[in-house]
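Take a look at the structure below.
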Amino acid sequence: MMKNSKESPKLLKRTVPFPWEREILTIDQVSQMLQVTKNTIYGLVKAGAIPATRIGNKFRFSQKAVLEAFEKMGELQEKGGKAK
């Protein structure tokens, strides 16, 4: 509780990272991070636009690789090309 009305409330530090702040991501985390459906992510993986590693029947993604692929897709769209 604040003792003095002029004191500002203390902000709590976040100790748990957001799901997309981890180095290795699941398809749910990638779709949440890019704000697209899981089907869109599956399509991008199939097209080779986003690199993924398959472990059993699950995909895992490197956060760094996803962000790099996302930036590359944006650059290609600016130039009028297709993402690959």
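The values are calculated or read from the model by the stated rules, or taken from the named source; none is laboratory data. No experiment lies behind these values; they were computed from the predicted model shown. Neighbour counts are summed over all protein chains in view; Cβ atoms, including those assigned to glycine, are modelled from backbone coordinates with ideal geometry.
Looking across the stretch 33-84, the residues that are polar (S, T, N, Q) and surrounded by fewer than 16 Cβ atoms within 10 Å (Cβ to Cβ) come down to Gln35, Thr37, Asn39, Thr40, Thr53, Asn57, Gln77. Would the stretch 13-28 turn up any residue that is in contact with a Leu (Cβ under 8 Å, 6 or more places away or on another chain), assigned to a helix (DSSP H, G or I) and modelled with pLDDT of 70 or more? Looking through the stretch 13-28, none of the residues is in contact with a Leu (Cβ under 8 Å, 6 or more places away or on another chain), assigned to a helix (DSSP H, G or I) and modelled with pLDDT of 70 or more. Within the stretch 30-84, being free of Cβ contacts under 8 Å to residues at least 24 places away in the same chain, part of a helix (DSSP H, G or I) and in contact with a helix residue (DSSP H, G or I) (Cβ under 6 Å, 6 or more places away or on another chain) holds for Ser31, Lys38, Ile41.
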